[in-house]
Every structure is written in structure tokens, then in C-alpha cells.
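Engineer: Mind having a look at this structure? Questions to follow.
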Amino acid sequence: MDDLLQEFVAETRETLEALAGEIVAWEANPADRTRLDAIFRFVHTVKGSCGFLDLPRLARLSHAAEDALAAVRDDARRPDAALVNAVLAVVDRIGEVVEAIDGGVALDDSADDLLIAALAEDAAPATQLVLSAGPRTASRSVRLSVDLLDRMMSGMSDLVLARNELARRLRDEGADPSVEASLERLSHTLAEMRDTVTRTRMQRIESLFAALPRMVRDTATELGKQVQLDIEGADVELDREMIELMRDPLVHIVRNAIDHGLEDAATRRRAGKPEVGRLRVSARQSGNQILVEIADDGRGVDVARVAAKAVEQGLRTAAEVAAATAAERLDLVFAPGLSSRDTVTAISGRGVGMDVVRANIEQIGGRIALANRPGQGLTIVLHVPLTLSIISTIVVGVGDQRFAIPRQSIEEIVSANADGVRLDRIGDAALATVRGVRLPLVALGPLTGLGDRGPTVLAIVVTREGPYALGLDAVLDTEELVVRPAAPAVMATGLYAGQTLPDSGLPMLLLDGAGIAAAAGVRFAAATAIGQVEDAEAEAGTPALLFDDLDGQRRAIALGALDRVERIARSAVRATGGRLRLVSRDDTIALHAMTPVDDHAELTVLRLTDGDAECAYAIVEPGDIVALPPALAPATIPGIAGVVVIGGEQVEVVDVHALFADLALPPAARPLCLLHADAGGWMDNFLRPAIEASGYRCVARLAPGETAAVALAMDDAGDVPAAAGALVRLRRTPAGGGDSIYRYDRAGLVAAIEARAGGVR
Amino acid sequence: MTELFLIARIAGRPVAIEAAQVDSVVDLGEIVAVPRAEATVRGLAALRSRVVTVIDTCVALGLAGSAASARRAVITRVDGHHYAVLVDSLEDVAPFVRQPLSLGLALDGGWRAIARGLVERDGEPLLVIDIAGIVPQPLAA
């Protein structure tokens with residue numbers, strides 16, 4: 001029979017046995033929430049497993065029971081005796097079907113519908129269903145307590161040590177060749193047996209990953225999604241117990257990723273992602289932990305929605321959510337009972353799942369970490385303690401002591417005297433240069449106080465932050481070692497990943513590459529961070545255009561202000577109205593020039609804009625586009641924002657702000673002044689230029705939708721339509737009363753217009 | 001009520017250790033140092049197929065370290081890890097009635113932290129100690 005199916009049978013059978021007590025307790029007290037949860041989790045797990053084992057019948061039963069129990073959990077339904085009976089009947093039935101699967105016998109499924117019907121809220125009290133249980137068959141696998149296996153393993157180690165002792169004695173006493181041959185045979189058998197015994201505890205994580213491709217395929221098909229699954233690190237070996245305990249959480253997470261995380265092809269296309277969603281499951285060992293990482297490139301967790309759901313479902317108050325940090329809000333996905341989904345599917349979305357996943361992982365002393373990238377995907381990392389693992393190591397010597405280093409973390413071993421290897425001291429830091437690559441050097445001898453000789457061998461250790469060279473006295477051997485966690489006081493040093501007892505009979509510590517770097521003060525993190533900051537600043541650094549100015553200076557101007565570069569005839573430029581202006585179609589725009597432009601037949605101008613206003617800047621020639629460095633030495637002359645160094649050259653940065661600051665507002669942005677024109681045209685001829693010079697736009701008639709900021713009328717114009725309250729009346733004589741203003745009192749007029757228009761502007 | 005106690009000598013003083021805390025009493029083999037661990041951790045030793053963490057009891061009590069040759073130890077199990085707690089010598093295993101610590105008994109820091117009462121052997125009062133208390137605990141996270 002399929003291994004997976006067998007495991008499912010064994011597990012379900014075991015859970016059912018454990019659940020028997022819960023069921024009885026729940027029957028006695030249907031309001032008992034913890035019992036209810038236990039039963040709910042059972043049917044949910046069965047449902048989950050059925051999905052990928054292709055057991056539609058069990059899936060139907062468990063889904064039905066789950067629905068009914070979910071209603072009770074949501075307080076939508078009261079657990080009465082009829083419901084309890086119906087659920088128990090379904091649980092019993094699951095047990096029978098499981099037995100039938102195990103025994104390979106057919107089981108009549110006619111009663112299933114009755115059982116499912118009995119779960120309905122309005123079901124008539126069901127008659128006691130009598131079902132014939134299939135014969136229970138003996139399985140070819142047995143379950144053993146971990147204690148027993150441990151005793152077997154330690155017995156094995158003792159045997160190896162005894163063999164070593166015996167071999168030593170025989171060597172010392174010069175044994176006879178036949179005895180030596182026997183010892184040889186004993187050693188050989190022992191080695192084989194040790195391997196077998198180890199396998200009873202250890203398993204490649206591959207067995208955990210083996211079910212994934214099929215499950216991913218089926219789940220994706222069911223949901224109409226395309227998913228590409230990548231599996232890495234399947235050869236990591238792990239305690240069998242851990243593998244078993246991680247199976248359910250992994251299945252939940254993978255299903256969630258496909259159901260909730262990955263979008264359908266159309267949505268992905270719209271988001272600019274490849275149509276096929278990617279799911280990456282990988283395992284690796286890091287320090288004294290195994291990390292199982294499940295990463296998808298889907299939509300990530302909508303934290304705001306999760307928070308809103310939590311409030312809606314009464315799990316948190318709005319105030320709590322508002323006060324929560326982003327991480328705490330993300331953490332809400334683990335809240336029991338939370339479902340971020342609006343519809344329930346057979347795949348997931350029951351709100352069990354993440355809380356159960358976390359409980360399972362914490363139960364084995366692990367933890368779960370989320371890295372959410374909204375719109376880009378979610379990465380879930382399961383940190384599982386390395387209770388026991390076989391690690392391929394390199395045994396190294398420092399002083400008189402030996403240490404093991406995980407082979408995985410060593411990239412290369414080079415002799416410190418080899419060609420192309422240099423060791424230097426830079427200040428108080430040590431540096432190794434290996435074939436031109438500079439690496440921080442950590443000499444293990446001085447670090448551990450075991451020796452202060454210069455290192456003779458360098459191991460290039462790769463950590464997540466970066467590589468460094470670990471200076472050693474000797475590289476002795478490679479060995480597969482059974483590693484166990486060390487005592488807290490030993491782990492507290494941060495240097496070790498665990499301890500092991502090799503055949504020598506002397507305990508040995510497993511070094512943690514990243515921990516050593518940290519203890520030695522090698523700061524990759526900071527170095528990387530600085531690099532990133534620089535990158536970020538370079539990115540954020542304003543792009544600017546270098547150009548040669550009319551006065552021969554090399555200057556830079558913010559690229560954002562530049563609209564285009566234009567060549568214009570000298571004749572288009574004239575000094576009019578107090579400044580240089582450039583004719584551009586029917587309008588003029590202000591032209592800034594550092595020197596007089598008279599001796600140029602043609603001009604190159606930078607057309608600048610701030611979005612509303614426009615102006616031009618005359619130059620000789622544009623140059624490269626560069627990123628302005630953040631260090632800007634302030635300038636003391638107007639028109640220049642400061643001086644930066646670009647390519648070793650001092651460059652003045654044009655103060656674009658100043659260029660625009662003295663421009664008149666563009667016509668569209670000027671407040672509107674409505675002139676109630678008089679017959680003589682005085683307003684149009686005399687008044688209008690004066691008002692426009694003050695920054696207003698004058699019209700004689702309002703276009704539809706326009707509102708005047710202020711309106712002007714002659715004192716004697718009679719009734720004018722009340723355009724707004726902001727009407728200024730003008731009188732013809734200096735003397736006069738009321739609130740009108742003498743028509744040549746320019747200052748008073750402007751002030752009055754300003755005052756009236758102020759309310760609108 | 002009488003309990004079974006192991007009478008040992010630590011830092012020259014006889015003490016009583018609850019027998020229930022004691023896994024076994026051994027003479028350790030070679031001790032492998034644990035560089036950079038706190039001074040309380042003398043090192044690691046192999047005890048049959050098991051690795052035990054050796055605790056220098058004197059250092060744990062805030063006294064000068066035990067002699068480098070000290071090998072006799074009491075094995076105890078704390079949180080799933082086995083520790084060998086070094087002792088000067090072992091004298092006896094016997095049932096005693098535990099009495100509360102006399103008021104006003106001025107114990108210094110290290111001893112006070114592990115003192116759990118008194119027993120009386122032939123008129124000689126012996127301090128009852130909690131050897132699990134000697135084992136360094138990780139800082140509460």
C-alpha cells in the first residue's frame with residue numbers, strides 16, 4: 001500500500017483512540033469548547049488529508065461534520081443531543097472507513113448519506129445506525145515510542161565505544177590475526193547496524209516533501225490555478241518525530257498558499273506577474289535549527305483586511321487593532337477562529353489552519369515566522385529545533401581541541417601559506433585575501449582562547465550575511481555526526497550549534513558559522529546596511545543635467561525641472577518689460593541668462609517647468625545626466641543652490657526654486673477679476689493692465705463655470721449683477737464717501753482688490 | 001516525614017542533596033572545554049553514550065574554582081539536559097527529616113540561592129541544597 005495512505009491510516013487510528021475520551025466528554029457536556037475544538041480539528045485534519053490522498057468519501061463525511069461543527073463554533077448553532085449523536089456517528093464512520101481502507105475491503109456507502117443528513121439542523125432524530133465494522137487487519141508497520149528508539153540509539157553508541165576500547169587493547173597487546181579478522185567483521189556489522197538504527201530515528205525531509213507535488217497539482221487544478229512548485233534541500237535529515245509533526249502544518253500552509261496566496265492567471269497577468277504562480281518549499285539547517293521555508297509569489301497577506309476581519313469577528317476590539325503594530329496585526333492571522341475568507345471551500349478557509357499550524361509547530365519547540373510582502377507574496381518560515389540530526393561535518397583542530405563544522409557552511413578550505421592567500425592586519429581587524437577577494441578573518445584560536453598561533457588553514461565559511469575566513473590550526477577529517485542540542489549554558493555562548501559524541505568517545509562541539517562571526521564582531525549586517533543606504537541615497541539622489549553655462553561655468557540643474565532643450569534664434573530673445581523674454585508661440589516666457597546673450601547668433605535654452613509656470617535658461621551646451629550626491633555645499637550667491645562634486649569636479653547646482661520664484665503666476669492660476677466694463681473703455685484700456693500687473697486675470701464676462709475672485713464696477717454703473725460679495729466700486733473723484741475707491745488710487749485699489757479677493761484666494 | 005538524601009562535600013562543607021534529584025554518581029573521564037562559555041561550565045564529558053555538561057560547583061557558588069583534577073560528580077537532569085555537578089567527595093546516602101532553615105542564618109549569595117532546608121546528622125546540621133539551582137539557566141527571554 002502507498003506509504004502515505006498507510007501513514008494516514010495509522011495516524012487517524014491513533015487520533016481516534018486519543019479522541020475517544022474527548023468524544024465522551026463532549027457528549028456529557030456539549031457546551032465544552034475545548035472538546036469541541038479537539039473534535040473539530042480531527043475532522044478538519046481528516047478532510048485535509050483526504051484532499052490529497054484522493055479519498056472522496058472520507059472527504060465528504062469530514063467536510064459535512066466540519067460544517068456542522070463550524071456552525072457551533074461560530075455560535076450559529078447550539079450543540080444539542082441530536083447533533084452530538086450525528087457527529088459521533090460520522091466520527092465512528094470515519095474510523096470504519098479507515099479500517100476498511102487499511103484492510104482493503106469494500107464498505108457499503110449507502111449509510112453515508114443518512115449520516116450526513118442527520119447532521120442537518122432540522123434533521124429528525126436519527127435512528128441508531130448499526131454498522132458492521134470491517135475486520136481490522138494487521139499492519140506491516142509498527143509504532144514505537146521515541147524513548148525506546150532513544151535507548152536503542154544510545155545502546156548502539158555504547159557498543160561502538162566498547163568496540164573502540166577493544167580494538168585499542170588488541171592493538172596494544174598485538175593480537176593474533178584471526179582475532180583481528182573477527183574484530184573487523186564486528187566493526188563492519190556494527191557500522192551497518194548503526195546506520196539502520198539511526199534510520200529508525202532519522203529520515204530525510206524528502207519523505208515530507210514527497211507528497212507535495214501531487215497535492216499542489218490537485219489543489220491547483222481544483223481551484224483553476226497554475227502553480228509551479230520548486231523543492232530544495234530535500235536531503236536534510238531530520239528526526240522522524242519532527243517530520244511527522246510537521247506534516248499537517250506543511251500541508252495547511254501549502255494549501256493556504258495556493259488557495260489564498262496565489263492569484264488566478266488573469267489577476268496575475270493584470271498585476272504584471274507571470275501567469276504561473278510560484279511556490280518554493282525549501283529546507284536547510286541553520287545553527288541549531290532546521291528552517292523549512294514556504295514562499296509564494298502571490299498577493300501576500302492583506303493586513304488591513306485581516307485586522308478588519310478580526311474586529312468583525314469579535315476577536316479583537318477596534319481599539320486593540322488600532323494600537324497594534326504592523327507585526328502584531330500580521331500576527332492576527334494566527335488568531336484562533338479567524339478566517340480571512342468570505343466563502344468556505346473544501347480546500348481551506350476555515351480559520352483553523354494557521355492557529356493549529358502554530359500550535360503544532362510550537363508543540364515541537366519550534367516557531368513560525370512570516371515575511372509578508374503585500375502584492376508580492378508571503379514567505380512562511382518554520383523554525384524547527386534540531387533535536388537530533390545527522391550532519392555531514394568537517395572536523396577541525398584548534399590548539400589541542402577538535403570541533404566539527406557543518407560541511408554545508410564551508411565553501412572552501414585553503415592553506416594559509418598557499419599562493420594567492422595573504423593575511424593582513426588592518427587596524428585591529430584581521431583580513432584574509434584569497435585570490436584577490438578580501439574577507440574578514442576570524443582566527444578561532446584566539447577567539448576561543450585555545451591558542452594564539454597564526455592560522456595555518458583557512459576555511460571560507462558562508463553565512464547568510466556573507467562569507468568570512470575562519471583561521472584554524474588543522475583540518476583533520478570529515479565525519480557524519482549525530483548532533484544533539486547542547487545545554488542552554490553552552491548554547492548561550494552563541495558559538496555552537498550542538499554537541500556530538502564521535503567514535504573517539506570525547507565530546508565534540510559543532511561550531512555555528514554565523515555565531516562565530518557575530519562573536520568575533522564581524523559585522524556583515526552593518527556593512528550590508530551601509531551599502532544599502534548608499535544605494536538608496538544614490539537612487540533617491542536627484543538626477544540632474546550637467547551643462548556648460550554661458551559664463552563658462554559647469555553647472556547642474558535638476559532634471560525634474562527640465563521640460564526640453566531647444567535651439568532658438570537670437571531674434572526670439574529680447575529684453576522687454578525689465579527682463580529677457582523669449583517668444584514662444586503667442587506668449588513670452590522669461591529667459592534667465594548668466595551673461596548678456598547679444599553675441600550669440602543662436603541660443604540653446606533649457607525649457608523649464610514646475611508643472612504650471614514655464615521659464616527658460618540659456619546655456620552653451622548640455623552635458624550628461626548625473627545623480628546629485630547628497631552632500632551639497634551651500635552657495636552664497638543668489639541663483640545657485642550649492643556646490644557638489646561630480647566626477648572630481650566642482651559643479652554649481654542651479655537654484656531652480658529661485659528661477660521660478662520671481663515669475664508671475666501663469667494665467668490659468670491667477671485669480672479672476674471681473675470687470676463690469678464702462679462705455680468709454682476706460683476699464684479695458686487703463687485699469688486692466690494695472691490689475692493684471694498685480695497678478696490678476698481680467699475678463700469682461702465670466703465663462704460658464706468660472707467664479708470671479710473679485711469684481712470691479714464704476715460707482716455710477718448702477719446695478720451690477722451680484723457676482724459675489726467681493727465687489728469693489730470705483731469713483732471718478734478723489735474725494736468721495738462710502739466704500740468706493742478713487743479710480744487712480746492705485747495702491748488703495750490693489751489693496752481693496754486683495755482684501756476682497758482674499759476670501760476666495 | 002523522612003526523605004532520602006545524598007550527603008556530599010562541596011567546597012569543603014558537607015551538604016545534603018535530595019536523592020530524587022540525583023540520576024547517578026560518577027567519576028568523569030576527560031573533560032572537553034567549552035570556550036567562551038561562562039566559568040560555571042567546566043566543559044563537556046562523555047558519560048557512556050551521553051554528553052554531559054560539567055558544572056564547576058565552586059564557581060557556581062561564587063567561590064574559587066575547583067581543582068582541575070576534580071572528577072567526582074553527581075549527575076542530574078534539568079530540562080532534558082544532563083549535567084554533572086562536581087563535588088569534592090560523597091559520604092553517604094541516608095534518610096533524614098528535613099527541617100526549615102533557622103531564622104537569622106546568614107548564608108552568603110551562592111549558598112542562599114540553593115539552600116532548601118536543614119537536616120541533622122548525629123547532631124551536625126547539614127544544609128539541604130537544590131542542585132538544579134547550581135545549573136546555570138538561560139536568561140529569561
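The values are calculated or read from the model by the stated rules, or taken from the named source; none is laboratory data. From a predicted model like this one, the values you see are computed outputs, not experimental measurements. Glycine gets a Cβ as well: all are built from the backbone with ideal geometry, and neighbour counts include every protein chain shown. Keep in mind that these areas ignore ligands, DNA and RNA; they rest on the heavy atoms of the full protein, side chains included. Shrake-Rupley method; radii C 1.70, N 1.55, O 1.52, S 1.80 Å.
Engineer: Per residue of B:48-60, how many C-beta atoms from partner chains lie within 10 Å of its own C-beta, taken as a mean?
Structural biologist: 4
Engineer: With contacts defined as alpha carbon pairs under 8 Å and 6 or more residues apart, what's the relative contact order of chain A in percent?
Structural biologist: After rounding, I find 6 percent.
Engineer: Please report the spacing between the Cα centers of the stretch A:578-648 and the stretch A:200-267 in Å, no decimals.
Structural biologist: Here the two parts' Cα centres lie 61 Å apart.
Engineer: Same structure, new question: For the protein assembly as shown, what is the mean residue ellipticity at 222 nm derived from helices alone (per DSSP H run of n ≥ 4: -39500 (n - 2.57); sum divided by total residues; nearest 500 deg cm²/dmol)?
Structural biologist: Helix-only estimate at 222 nm: -10000 deg cm²/dmol.
Engineer: Another question, if that's okay. Counting only heavy atoms of protein chains, what accessible area per residue, in Å², does the stretch A:2-129 have with a probe of 1.4 Å?
Structural biologist: Averaged over the residues of the stretch A:2-129, the accessible area is 45 Å².
Engineer: Related question: Please state the shape class of chain A: rounded when a/c is under 1.5, otherwise prolate if a/b exceeds b/c and oblate if not, all from the C-alpha gyration tensor.
Structural biologist: oblate
Engineer: Expressed as an acute angle from 0 to 90° and rounded to the nearest 10, what is the orientation of the C-alpha long axis of helix A:212-223 relative to the principal long axis of chain A?
Structural biologist: The angle comes out at about 50 degrees.
Engineer: I'd like to compare A:586-598, A:632-644: which one has the highest average count of other Cβ atoms within 10 Å, and what's the full order after that?
Structural biologist: Numbers: A:586-598: 15.3, A:632-644: 12.9.
The most tightly packed comes first, giving A:586-598, A:632-644.
Engineer: Using a Cα-Cα cut-off of under 16 Å, which aspartates and glutamates could be cross-linked to A:LYS309, ignoring same-chain neighbours fewer than 8 residues away?
Structural biologist: A:ASP74, A:GLU320, A:GLU328, A:ASP331, A:ASP342, A:ASP355
Engineer: Could I ask something else about it? Determine the share of chain A's accessible area contributed by carbon and sulfur atoms, expressed in whole percent, with a 1.4 angstrom probe. Show your work: numbers first, answer last.
Structural biologist: On the way: 19670 of 37840 Å².
Here it works out to 52 percent.
Engineer: If Lys and Arg each add +1 and Asp and Glu each add -1, what is the summed charge of the other residues whose beta carbon sits under 14 Å from the beta carbon of A:PHE403? Walk me through the numbers before you get to the answer.
Structural biologist: Values: positive: A:ARG402, A:ARG407, B:ARG36; negative: A:ASP400, A:ASP473, A:ASP477, A:GLU479, A:ASP512.
Within the 14 Å Cβ shell, the charges total -2.
Engineer: Just how large is the dipole of chain A about the Cα centre, in debye to the nearest 20, putting +1 at every Lys and Arg Cβ and -1 at every Asp and Glu Cβ?
Structural biologist: Dipole magnitude for chain A comes out near 1580 debye.
Engineer: In peptide A:494-507, what is the residue-averaged number of other protein chain Cβ atoms found within 10 Å of each Cβ?
Structural biologist: 4
Engineer: How crowded by other chains is B:37-46, given as the mean number of beta carbons from other chains within 10 Å of each beta carbon?
Structural biologist: 5
Engineer: Sort A:96-106, A:610-620 by packing, meaning the average of other beta carbons within 10 Å per residue, with the highest value first.
Structural biologist: A:610-620, A:96-106
Engineer: Now a separate question. Which angle from 0 to 90°, rounded to the nearest 10, does the C-alpha axis of helix A:3-28 make with the longest principal axis of chain A?
Structural biologist: So the helix axis and the longest Cα principal axis differ by about 90 degrees.
Engineer: How would you order B:14-23, A:325-334, A:485-494 from highest to lowest mean count of nearby Cβ atoms within 10 Å?
Structural biologist: A:485-494, B:14-23, A:325-334
Engineer: Checking the a/c ratio against 1.5 first, then a/b against b/c, what shape does the Cα gyration tensor give for chain B?
Structural biologist: Judged from the Cα gyration tensor, chain B comes out prolate (a/c at least 1.5, a/b above b/c).
Engineer: Going by a ≥ b ≥ c, the root eigenvalues of the Cα gyration tensor, does the stretch A:537-661 fall in the rounded group (a/c under 1.5), the prolate group (a/b larger than b/c) or the oblate group?
Structural biologist: The shape class here is prolate.
Engineer: Lysines within cross-link reach of A:LYS273: Cα-Cα under 22 Å, excluding same-chain residues under 8 positions apart?
Structural biologist: A:LYS225
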